[in-house]
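Worksheet: one structure, shown below.
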Amino acid sequence: MNIEPIAGGRRLLLAGFGGLLALMLVAGGDALLVLRQVRASDAQVRDVYVRRSRALDQVRAGIYQSAIVMRDFLLASDPEIAAAQVTNWKDIRVRTDNALQDGAGALDKAEQAPYRNLQAEVSVYWKLLDFITQMKEKDTRNRSAEYLSNELVRRRTAMLNLVDRIDQISTRQLHAGDEALDAAFRSLRLRLIA
C-alpha cells in the first residue's frame, strides 16, 4: 500500500479545513469589530439623549419652582419672608441657567432653533421675575396685581411648551439612533451570511 497518496490527501484536507477555520476567524473578528462600533455608537446616542433629557427636566423643574417661589413672594406679608423667597428664586435661577447651558452642549441641528427660543423665553421670564422682585415695598398691592400674575403664568406655560417640544425632538433623535443601530445589525447579518 502506498502511504504517499494518503498523506497528501491528509495535508490537502488539513489545508482546506485550516483555510476554512482562518476564514471563520477573520469573519468572527470582523463581526466583533462591527459589534463594538455598534455598541459604542448606541452608547453615545443614549448618553447624549440622557444628558439632554436630564437638562430639560432640570429646566422644567426650575420653571415650576420659580413660579411657586414667586407666588409665595407675591403673597408674603412679611418683608423677611419675601426676601427669603427672592434668595430662593435666585438659587433656582442659577441652577436652571446651568441646566440650560449644559443642555445646549448636547444638541442636534434639529434642536438648536427651538432651544435658542427656549433660552430667549427663559431670559424674558427671568426679566419679568426680576421686575417683580425689584418693585418697592409700598407697591405691595401692585406686586400681586392680576396682570403680573397672568403674565407670569403665560410665560411659564410658553416655556414649558417649548421644553416639551424640544423633548419630543430629542425622542425622535433617539428613535433615529435606534433605526441606525438596527441598520448596522442588518448590515452585520448580511456580512456574516455572505
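If the condition is being open to solvent by 20 Å² or more (accessible area, probe 1.4 Å), under 15 Å from the mean Cα position of the chain (by Cα) and small (G, A, S), then the range 86-122 contributes A104, G105, A110. Across the range 72-82, the qualifying residues are those that are surrounded by 13 or more Cβ atoms within 10 Å (Cβ to Cβ) and of a type in the set (G, A, S), and the one among them that is modelled with the highest pLDDT is A82.
Filtering the range 18-29 to residues that are open to solvent by 50 Å² or more (accessible area, probe 1.4 Å) and either under 28 Å from E179 (Cα atoms) or among the aromatic types (F, W, Y) (or both) leaves only V26. Here S41 does not qualify as touching a residue at least 40 places away in the same chain (Cβ under 8 Å) and open to solvent by less than 40 Å² (accessible area, probe 1.4 Å).
The values are calculated or read from the model by the stated rules, or taken from the named source; none is laboratory data. Predicted model only: the values in this text are computed from it and were never measured. No Cβ is skipped: glycine too gets one built from the backbone with ideal geometry, and neighbour counts run over all protein chains shown. The area values use the complete protein model at the heavy-atom level, side chains included, leaving out ligands, DNA and RNA. Shrake-Rupley method; radii C 1.70, N 1.55, O 1.52, S 1.80 Å.
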